[in-house]
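Everything on this sheet refers to the single structure shown next.
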């Protein structure tokens, strides 16, 4: 009897801890990147880890969860991949993309049970620096042209099945649901990557959006307002898409 009494507090503690961890089948309400680390960085190769934690609607940690992982480096991206992640455990990655010397890698995850949300992005530099950043204040997704012509066309950085970067263009229907109009594919950007034109050059048009290569080495997409003589210009570097600003 004494042994049973001594074991009772231990059993209760185990049960209380288990109750705080939600089973893997639970729907993820929030997922956060909590850390990252560099393992190696040589030439076009970067290897590291990141840590993600998923929570259900009550705020309890979900022990393991399905997710889609998104990776990119300063040499480009890879196709998104499915994975089962354990909350709080280091997730290892190895990326060897392109031929240039990589500067950093970025990663974020989208939970399988709730693809309408995503984690913060972790950026792991080759000098060991770690940055974790989320969406800008007031933003609900990673559109490139937030409040800059996005009621006409919404611009998203995307990857094709081969991991090549591009920009997808959406319009909005009467219920503000996005309709894919087309995609500025990597092949359109490729001739100008590291080879800016002598003059600003028109490349292609999708719906109300026109893509240009700039003499600065940047790219711009100009969204025309169909109702009044007004335009919205988004300028960015590629790839990955970054250093976004408006004019």
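Table for the structure above
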| read-out | value |
| --- | --- |
| Complete set of residues in region 24-50 that are closer than 15 Å to residue 119 by Cβ and assigned to a loop (DSSP other than H, G, I, E, B) | 28, 29 |
| Lone unmet requirement of (1) modelled with pLDDT of 90 or more; (2) surrounded by fewer than 16 Cβ atoms within 10 Å (Cβ to Cβ) for residue 93 | (2) |
| Filter pass, residue 53 being assigned to a strand (DSSP E or B) and either at pLDDT 90 or above or under 15 Å from residue 121 (Cα atoms) (or both) | yes |
| Filter result for residue 147 (over 25 Å from residue 74 (Cα atoms), more than 17 Å from the chain's Cα centre (by Cα) and modelled with pLDDT under 85) | yes |
| Residue in region 161-174 that is without any contact (Cβ under 8 Å) to a residue 12 or more places away in the chain and either touching a strand residue (DSSP E or B) at 6+ places or on another chain (Cβ under 8 Å) or not assigned by TED's automatic domain parsing to the domain that holds residue 50 (or both) present | yes |
| Long-range neighbours under 9 Å by Cβ, at least six apart or interchain, first residue free of Cβ contacts under 8 Å to residues at least 12 places away in the same chain within region 28-47, second outside any strand (DSSP E or B) and surrounded by fewer than 16 Cβ atoms within 10 Å (Cβ to Cβ) | 42/101 |
| Options 176, 210; residue that is buried (at least 17 other Cβ atoms within 10 Å of the Cβ) and more than 22 Å from residue 72 (Cβ to Cβ) | 210 |
| Residue match in region 161-175 (condition: part of a strand (DSSP E or B) and at pLDDT below 90) | yes |
| Filtered residues of region 150-173 (kept if surrounded by 12 or more Cβ atoms within 10 Å (Cβ to Cβ) and within 18 Å of residue 78 (Cβ to Cβ)) | 156, 157, 158, 159, 160, 163, 164, 165, 166, 167, 168 |
| Residue match in region 121-142 (condition: at pLDDT 80 or above, within 30 Å of residue 227 (Cα to Cα), surrounded by 13 or more Cβ atoms within 10 Å (Cβ to Cβ) and not assigned by TED's automatic domain parsing to the domain that holds residue 26) | no |
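This table checks each residue for (1) part of a strand (DSSP E or B); (2) in contact with a strand residue (DSSP E or B) (Cβ under 6 Å, 6 or more places away or on another chain); (3) at negative phi.
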residue	(1), (2), (3)
179	yes, yes, yes
199	no, no, yes
210	yes, yes, yes
226	no, no, yes
235	yes, yes, yes
239	no, yes, yes
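The values are calculated or read from the model by the stated rules, or taken from the named source; none is laboratory data. From a predicted model like this one, the values you see are computed outputs, not experimental measurements. A quick note on method: Cβ atoms are made from the backbone with ideal geometry, for glycine too, and the neighbour counts reach across all protein chains shown.
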